[in-house]
Amino acid sequence: MSLINEHYLKLTKSYLFADVAKKVNAYKATHPKADVINLGIGDVTRPLCPAVVEAMQTAAAEMGTPEGFRGYGPEQGYAFLREAIVKNDYLPRGVHLDASEIFVNDGAKGDTGNIGELVRWDNSIGVTDPTYPVYIESNVMCGRAGTLDGGRWSNVTYLRCTEENNFTPRLPDHRVDLIYLCSPNNPTGTALTKDELRKWVAYAAKNDALIFYDAAYEAFIRDPSLPHSIYEIKGAKKVAVEFRSYSKTAGFTGVRCGYTVVPRELTASSMDGTKRYPLNEMWLRRLSTKSNGTSYISQRAAEATYTPEGKAQVKETIDRYLDNAATMKAALKRLGLKAYGGDNSPYLWVKIPGEAGSLKFFERMLYGAQVVCTPGAGFGPGGEGYVRLSSFAGKAACEEAMRRIGAWMAR
Ligand code: PLP
């Protein structure tokens, strides 16, 4: 008899974004003439930049010749990309990594969900709340999150990010083994300062904890004092894995490429505490068993983001999204709404006026203004009372959405 993994049954029925999409589709089907503006889903809209397109075309043409054809590549990623990452993403920030510490993937989502395979199922976890749902749901799937009780998982320590603490999670007053941090954070759009990050690295070192640091939105950081990588903090290589992605950086949500950094210094303990094991070796072992790598064309595309033209073009695209975010934030403030984030992130975290729950508010805004937002409740218990707006739509759409929200609120 085949027996299922019963932990899957604990997951709530549908993934938040699918749920929101279903409601939006139902609205569109019943209002075929409505022009709905989607500020909900965190997908980019601007096309790939010319440097990337050219690199993909060249790589595709190369693959079509006997000399240039490539089959399976190295599981960890081609050296040309790993070396470009070390040289461009880390060295200028004073971080010295070896290319063997970089693991190229087909986007960060898989690795943020799979990294937990390296550690025992009964480690305790601490997760910023609200948070990107993958961190918790991947832990539910292996039983590590415990059971759901009143909207909270029993083995998860929720690190609350609230208006009162400036959306900066406080250190837990007890020990947790695995900590998920995301900066700039999805969904709050706020980023951790070096001082805050130092506290987490010190906590992890003191408690022999691991930090899984998601920096998928680091390219949106414009404040020069903010860290782009956790490894800018001394000692972080001993305690942290970092995830990066070209998805939001360079519009690769459809191309698929990202990477994970597992430093050689990073170790975790055996059950009896007598031995330590390097996670870099374990992650490589996992990868060579479970993956045949990321496509050559995607990796050449990612490499092109590091050329002088690529860098300038990528920056221009992100600047446009940030410009949208600034316009939206100013408009929301004029409407008397409290909006956070958006300065170093494509996301605005908007406090709901009145008593409505975030799902109700999402539906009201959809029906009243034909604007889609993401209900905060989908990002964890700490997300209730807020909705997330993304700045990935075009400039005109963002401006029109603000106008409509204003008219709807005035009704
Ligand atoms: N991490 C965060 C915080 C995200 O918001 C996303 C995507 O929305 C990802 C990781 C995954 O991105 P991808 O798999 O496209 O690299």
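The values are calculated or read from the model by the stated rules, or taken from the named source; none is laboratory data. Because the structure is a prediction, the values reported are computed rather than measured. Glycine gets a Cβ as well: all are built from the backbone with ideal geometry, and neighbour counts include every protein chain shown. For the accessible areas, the whole protein counts, side chains as well, though only heavy atoms, and no ligand, DNA or RNA atoms are used. Shrake-Rupley method; radii C 1.70, N 1.55, O 1.52, S 1.80 Å.
In the condition set (1) among the hydrophobic types (A, V, I, L, M, F, W, C); (2) closer than 30 Å to residue 351 by Cβ; (3) buried (at least 19 other Cβ atoms within 10 Å of the Cβ), residue 81 is compliant with all but (2). The stretch 54-144 holds helices (runs of 4 or more DSSP H) entirely within its bounds, and those carrying 1 or more residues that are more than 28 Å from residue 388 (Cβ to Cβ) and away from the ligand (no atom under 16 Å from the Cβ) map to 79-85. Could you count how many residues in the stretch 5-54 are open to solvent by 70 Å² or more (accessible area, probe 1.4 Å), small (Gly, Ala, Ser) and at pLDDT below 95? Qualifying residue count for the region: 0. Of the helices (runs of 4 or more DSSP H) lying entirely inside the stretch 292-411, those containing at least 1 residues that are open to solvent by 20 Å² or more (accessible area, probe 1.4 Å), acidic (Asp, Glu) and within 27 Å of residue 31 (Cα to Cα) span 358-369, 395-410. Against the condition more than 16 Å from the ligand (Cβ to nearest atom), outside any loop (DSSP other than H, G, I, E, B) and at pLDDT 95 or above, how does residue 158 come out, does it pass? Yes. One residue stands out among those in the stretch 231-252 that are within 16 Å of the ligand (Cβ to nearest atom) and without any contact (Cβ under 8 Å) to a residue 40 or more places away in the chain: the one that is surrounded by the most Cβ atoms within 10 Å (Cβ to Cβ), which is 242.
Take the stretch 23-43 and flag every residue that is away from the ligand (no atom under 16 Å from the Cβ), closer than 15 Å to residue 401 by Cβ and β-branched (Val, Ile, Thr). Correct list: 24, 36, 37.
Residue 42 meets the conditions (1) in a loop (DSSP other than H, G, I, E, B); (2) without any contact (Cβ under 8 Å) to a residue 60 or more places away in the chain; (3) not β-branched (Val, Ile, Thr) in every case but one. The failed one is (2).
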